[in-house]
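This report refers to the structure that appears directly beneath it.
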Amino acid sequence: MKPPLSEQIPLLDFFLPGLAPVLSSVWPLLTSAPSIGRLLCICGLLLLIGKYASEYLGKLLETYFTSTIEVSYYNEAYDMLISWVRSQPFARSAHTSLATVDLKSSKSGNANKKPLHYSPWNGRFYFRHKHRLFVFKHHRSHGAFGHTREEASISYFGRNPSVLRELLDECRLHYLGLVKNKTCVFEHQAEEWKPSKSRSKRDISTVVLNKELKNMLLDDASEFLNPATQTWYSTRGIHHQRGYIFYGPPGTGKSSFAFSIAGHFDLDIYVLNIPTLNNHTLKTLFTELPRHCVVLLEDVDAVGLKRTVSSNKDVGQSISPPQTPAAKTVSLSTLLNVLDGIGSPEGRLLIMTTNHIENLDPALIRPGRADQKIEFPLADEDIINQIFFFIYDPQLTNTGGDESENGVHQNEEEKVDCKLPKLAQEFAAKVPKLEFSPAEIMSHLLANKRSPLNAIAGVDTWVKKIREERMKFARTNSWTLGDNDGL
Ligand SMILES: Nc1ncnc2c1ncn2[C@@H]1O[C@H](COP(=O)(O)OP(=O)(O)OP(=O)(O)O)[C@@H](O)[C@H]1O
């Protein structure tokens, strides 16, 4: 004798998981309800089974008949995929989208200010590309410890993985087109690197610095990044890495030069904000660096890392009491180990910047960790001259897109092409030497960018104003007041 149908319900669970409990609860209704009620129950049940079956079959199809590539939110592949998806027609017609303000391409004027970007969100999005059917999935998932993260994947109906790889390569090329002539900046979120922005490459010539020093540093970096050098290092068992420290007062061009070096060698720049890290995160982030990149460790003095001789004379282990809450997080010994390259990939160029090299522990700036120590001084006559040329260079003025967009152009009477050297000399003669940073001088010149004559005429007033401001805002730990800065 055949078992009654109700006894076979659990079998359904095998094919359509989760359906059995629903069926068990409606089964008495199906068998005992009057005919119209029974009909309604059967219709509802059929709809339910249809929904379950389609979802189940969809999953089966995806598992056995499609190929999928998942991309991690923390990897640049995620940005490649998302930026490509945004440019596709199916993204514009998606019924559910995630809207984000694209601050990078924001321009002035209400029409272009804070433009919105839409990417398909929270679901599966089917689209055809090059005569193939693909599915893009994008949603937020809940991970451990209540963390949420965005997840994205791309699938296609077929089992040949090269199809998806070709598509991702297309995304990669699209992304490279977007970041062409830009320096990609990576910052850390928890223990992961994440591309945060891309900045237009800053040409080396736009940073005013002693020419010999600049050339020496460029040659040094170029030699280091040469593939033959890497082989040279590895045959001798030396870790292939190089470090520079840029030191000098604020506003002398240290960060600008670090960015222009990255741009010059077409490298990405990884910016570390030490006060937000702890020992474990610092180590993890260093192990996750790519092979060739610039690592920028700004204001390395600000964390108050300084070894002192302890009573037991174990210089290597003792660290001064932390001066700020942030200093508790990264210990000097960990920072030193990390800079030695333990566990980090080869080929990284480390640039540390500081306003207070005199406060740094000698171990932090010894060769091997800081191979070149470059001073960025306050402006001397040569630097003042160069800045003046840089601001009023007629060639830059004529080619500068932004300038013409803003309607900024040189006054006819002040065409300075041939008079520039004389005007620069005049300006340099009026500015006190080694008292102002390039940033301060630039700020004055930019305020008079249409008129070098006004800039020269206004020097005395400007000097007086800056001096008064310094008196007013002087702090006991200012670099201008001496060496006891409280660190
Ligand atoms: N030597 C320079 N050449 C060209 N521009 C400079 C120079 N120094 C400063 N500037 C300009 O001044 C601004 C500040 O420069 P930057 O941030 O590079 O200085 P910094 O030395 O890193 O300062 P801080 O020590 O405060 O971080 C930038 O806009 C930069 O363009």
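The values are calculated or read from the model by the stated rules, or taken from the named source; none is laboratory data. All of these numbers come straight from a predicted model, not from anything done at the bench. Cβ atoms come from the backbone with ideal geometry, glycine included; neighbour counts cover every protein chain shown.
What is the one condition in (1) surrounded by 13 or more Cβ atoms within 10 Å (Cβ to Cβ); (2) within 16 Å of the ligand (Cβ to nearest atom); (3) in a helix (DSSP H, G or I) that Val185 does not satisfy?
(3)
State which residue pairs qualify: first residue in contact (Cβ under 8 Å) with a residue 60 or more places away in the chain and over 20 Å from Asn181 (Cβ atoms) and inside the stretch 259-281, second residue among the hydroxyl-bearing types (Ser, Thr, Tyr) and away from the ligand (no atom under 16 Å from the Cβ) in any location, beta carbons under 6 Å apart, and separation of 6 or more residues or different chains.
If the second residue must be among the hydroxyl-bearing types (Ser, Thr, Tyr) and away from the ligand (no atom under 16 Å from the Cβ), the pairs left are Leu277/Thr329.
Could you please give the count of residues in the stretch 192-207 that are surrounded by fewer than 16 Cβ atoms within 10 Å (Cβ to Cβ) and of a type in the set (Asp, Glu)?
Final tally of qualifying residues: 1.
Let me confirm something: among Thr252, Thr231, Thr276, which residue is more than 20 Å from Phe186 (Cα to Cα) and away from the ligand (no atom under 13 Å from the Cβ)? If you could, list the steps in order and put the result at the bottom.
Numbers: Thr252 fails: away from the ligand (no atom under 13 Å from the Cβ); Thr276 fails: more than 20 Å from Phe186 (Cα to Cα).
Of the residues listed, the single one that is more than 20 Å from Phe186 (Cα to Cα) and away from the ligand (no atom under 13 Å from the Cβ) is Thr231.
Report whether or not Lys449 is of a type in the set (Lys, Arg), at pLDDT 90 or above and away from the ligand (no atom under 15 Å from the Cβ). Working first, answer last.
Values: of a type in the set (Lys, Arg): yes; at pLDDT 90 or above: yes; away from the ligand (no atom under 15 Å from the Cβ): no.
No, not satisfied.
Mind listing whichever residues of the stretch 145-182 are under 14 Å from Ile82 (Cα atoms), in a strand (DSSP E or B) and of a type in the set (D, E, K, R)?
The answer is Glu150, Glu151.
State yes or no: is Ser198 among the hydroxyl-bearing types (Ser, Thr, Tyr), touching a strand residue (DSSP E or B) at 6+ places or on another chain (Cβ under 6 Å) and touching a residue at least 60 places away in the same chain (Cβ under 8 Å)? Break it down into steps so the answer makes sense when it comes.
Working: among the hydroxyl-bearing types (Ser, Thr, Tyr): yes; touching a strand residue (DSSP E or B) at 6+ places or on another chain (Cβ under 6 Å): yes; touching a residue at least 60 places away in the same chain (Cβ under 8 Å): yes.
In short, yes.
Please state which one of Glu288, Glu298 is surrounded by fewer than 19 Cβ atoms within 10 Å (Cβ to Cβ) and within 11 Å of the ligand (Cβ to nearest atom). Explain how you work it out, then say what you get.
Details: Glu288 fails: within 11 Å of the ligand (Cβ to nearest atom).
After ruling out the rest, the residue left standing is Glu298.
From the list Ala439, Ala428, exactly one residue is touching an Asp or Glu at 6+ places or on another chain (Cβ under 7 Å) and in a helix (DSSP H, G or I). Which is it? Break it down stepwise before answering.
Details: Ala439 fails: touching an Asp or Glu at 6+ places or on another chain (Cβ under 7 Å).
Result: Ala428 is the single residue among Ala439, Ala428 that is touching an Asp or Glu at 6+ places or on another chain (Cβ under 7 Å) and in a helix (DSSP H, G or I).
Being without any contact (Cβ under 8 Å) to a residue 40 or more places away in the chain and either in the same structural domain as Pro227 (by TED's automatic domain parsing) or within 28 Å of the chain's Cα centre (by Cα) (or both) is the filter here, so list the residues in the stretch 348-389 that pass it.
In the first step, residues of the stretch 348-389 are kept if they are without any contact (Cβ under 8 Å) to a residue 40 or more places away in the chain; the result is 362, 366-367, 389.
Answer for the stretch 348-389, where residues must be without any contact (Cβ under 8 Å) to a residue 40 or more places away in the chain and either in the same structural domain as Pro227 (by TED's automatic domain parsing) or within 28 Å of the chain's Cα centre (by Cα) (or both): Pro362, Arg366, Pro367.
Of the residues Ile383, Ile374, Ile387, which single one is in contact with a strand residue (DSSP E or B) (Cβ under 8 Å, 6 or more places away or on another chain) and surrounded by 19 or more Cβ atoms within 10 Å (Cβ to Cβ)?
The unique qualifying residue is Ile374.
Could you give every pair whose Cβ atoms fall below 7 Å, whose first residue belongs to the stretch 114-141 and is polar (S, T, N, Q), and whose second residue is modelled with pLDDT under 85, counting only separations of at least 6 or pairs across chains?
Going by the 7 Å Cβ cut-off, the qualifying pairs are Ser141/Thr148; Ser141/Arg149.
If I filter the stretch 75-83 for residues that are without any contact (Cβ under 8 Å) to a residue 40 or more places away in the chain, loosely packed, with under 11 Cβ neighbours inside 10 Å and of a type outside the set (Val, Ile, Thr), do I get at least one hit? Working first, answer last.
Taking the stretch 75-83 first, the residues without any contact (Cβ under 8 Å) to a residue 40 or more places away in the chain are 75.
Restricting the remaining residues to those that are loosely packed, with under 11 Cβ neighbours inside 10 Å gives none.
Taking every residue of the stretch 75-83 in turn, none turns out to be without any contact (Cβ under 8 Å) to a residue 40 or more places away in the chain, loosely packed, with under 11 Cβ neighbours inside 10 Å and of a type outside the set (Val, Ile, Thr).
Please go through the stretch 188-220 and give me each residue that is within 16 Å of the ligand (Cβ to nearest atom), among the polar types (S, T, N, Q) and under 21 Å from Val271 (Cβ atoms), ordered by number.
The answer is Ser200, Thr206.
Out of the strands (runs of 3 or more DSSP E) lying entirely within the stretch 190-273, which hold 1 or more residues that are among the aliphatic types (A, V, I, L, M)?
By residue number, 241-247, 269-272.
All but one of (1) surrounded by fewer than 17 Cβ atoms within 10 Å (Cβ to Cβ); (2) farther than 18 Å from Cys184 by Cα hold for Phe224; which doesn't?
Unmet condition: (1).
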